[in-house]
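Let me begin by presenting the structure, written as structure tokens, before commenting on it.
Here, each number is a calculation from the coordinates, and none is a lab measurement. These figures come from a predicted structure and were not determined experimentally. All Cβ positions, even for glycine, are placed from backbone atoms using ideal geometry, and neighbour counts span all protein chains on display.
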Amino acid sequence: MSIIESGWERDKRVHFDEIVIKYEETRPEWPNDIFEDIINYSIKEQGNKALEIGAGTGKATVHFLNKGYDVTAVEISNHMEEFLTGRFKYNKDFSVLVSTFENAVLEENNYNLIYAASAFHWVDAEIGCPKVFRLLKNGGIFALLRYNFNYIPPKGEEFYEEIQKAYEKYFFSYYISQSISDIKKMSKKSFEKNPKILTGYGFEDLNVYGFHDVTMNVYEKELTYNADEWINLLDTLSNHRNLPVNNRMALYSEIKEIIIEHGNLHKVDYIFQLYMGRK
């Protein structure tokens, strides 16, 4: 059965509750430069009260706690909340609220920094962006972090066609609204020229919601995976987890075999983005 959807619909955001440890072990760490740029952008004398939208396992949280911020996290997943509470149980400057951001009851004009790390695309931006604006103090900043990578290798890599065929059989036969085009190697320069650079945040422009001094920074990073590591990462992606079980297992089996046959190493280019605006 084929279906017209992407696998990233908002009702899929609860699936992270099932994969807490896998998420923590396989999702990439954020480059330190991102956090330095956020600190440099902020008005330091205004305060250090931060709100995180969708904290996950705390991959971004830890950086802000280390920078001296008092962090309140809003997290939809009960199991993620348990992980976060255990991870930061000795930090008096951390607390977590189990809720969607849209429904979270929070004090307005209260935060110097509100941020979301690979999470805001799960929020209804028409509710979320105005709410962030209300929650921030004057001069406070909204920082959005996300990253992109190709789960199908770009054309020209040795096993491009083999992995593409596996996706044709098991992935794009299900998501009929999507198709494979020639995938190009990701680079900072090419990504900055992409007119759709903001679409992954779920809205067009922070200026529309009243923010100013809006800025975008882009960072490059290459990571290398063996076959098992790569499959574990793919299994944290909503569009992969939403496949029928038979499709998903067959896809993973073929990809694993292909990577092993090509030396059991898969190099992946990541493009990290930081998008910020000030109230």
C-alpha long axis of helix 125-135 to longest principal axis of the chain, angle in °: 30 degrees
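Any chance you could run the full-extension gain for Glu204 through Lys184? It's 0.36 nm times the residue separation minus the Cα-Cα distance, nm to one decimal.
Working: separation 20, 0.36 × 20 = 7.20 nm, distance 2.40 nm.
Full extension of this stretch gives 4.8 nm more.
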Of all DSSP beta bridges in the chain, antiparallel share, percent nearest 5: 50 percent
Structure-derived semi-axes √(5λ) of the Cα gyration tensor in Å: which label, when the choices are (1) 29, 23, 17; (2) 33, 20, 18; (3) 24, 23, 20: (2)
Unit charges at the beta carbon, dipole of region 179-279: most positive-side option, Met276, His262, His240: Met276
Sorted by Cβ density within 10 Å, fewest first, the residues Ser238, Ser173: Ser173, Ser238
Under the Karplus curve 6.51 cos²θ - 1.76 cosθ + 1.60, θ = phi - 60°, whole-Hz ³J(HN,Hα) for region 68-85, x wherever Gly or Pro sits: x, 7, 8, 10, 9, 9, 9, 9, 6, 8, 5, 6, 5, 4, 4, 5, 4, 4
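Relative to the Cα centre, what is the charge dipole magnitude of the chain, using +1 at the beta carbon of each Lys and Arg, -1 at the beta carbon of each Asp and Glu, and rounding to the nearest 20 debye?
Values: 32 positive and 42 negative charges, 110 e Å.
It works out to roughly 540 debye.
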Region 203-252: C-alpha gyration tensor shape, a/c 1.5 cut-off, then a/b vs b/c: oblate
³J(HN,Hα) computed for each position of region 93-108 - Karplus, 6.51 cos²θ - 1.76 cosθ + 1.60, integer Hz, glycine/proline x: 9, 10, 8, 9, 10, 7, 5, 6, 5, 4, 9, 5, 8, 9, 7, 7
Length released on extending from Lys193 to Ser99, taking residue separation times 0.36 nm less the Cα-Cα span: 30.2 nm
Listed residues Asn103, Asn91, Gly54: farthest to the positive end of the dipole of region 25-158 (Cβ charges): Asn91
Global geometry of region 89-146, whether rounded, prolate or oblate, following the gyration tensor of its Cα atoms and the 1.5 cut on a/c: rounded
Spatial separation of Cα centroids for region 224-279 and region 23-48, in angstrom: 24 Å
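Rounded, prolate or oblate: which one fits region 48-115, using the alpha carbon gyration tensor with axes a ≥ b ≥ c (rounded when a/c is under 1.5, else prolate when a/b beats b/c, else oblate)? Write out the running numbers ahead of the final one.
On the way: a/c = 1.80, a/b = 1.03, b/c = 1.75.
Oblate, because a/c is 1.5 or more while a/b does not exceed b/c.
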HN-Hα J in Hz across region 141-158 - Karplus 6.51, -1.76, 1.60, θ = phi - 60°, x for Gly and Pro: 10, 10, 10, 10, 10, 7, 9, 10, 7, 8, 7, 9, x, x, 4, x, 6, 4
Long-range amide H partners of Leu51 with built H, under 5 Å: Thr72, Leu113, Ile114, Tyr115
Point-charge dipole on Cβ atoms (K/R +1, D/E -1) for region 210-255, about Cα centre, debye to 20: 220 debye
FRET efficiency for Lys165 and Thr85, using Cβ-Cβ distance with R0 set to 41 Å, rounded to 0.05: 0.40
The chain - mean residue ellipticity at 222 nm from DSSP helices (-39,500 (n - 2.57) per run, n ≥ 4, rounded to 500): -9000 deg cm²/dmol
Positive-pole candidate from Ile39, Ser77, Phe120, dipole of the chain, charges at beta carbon: Ile39
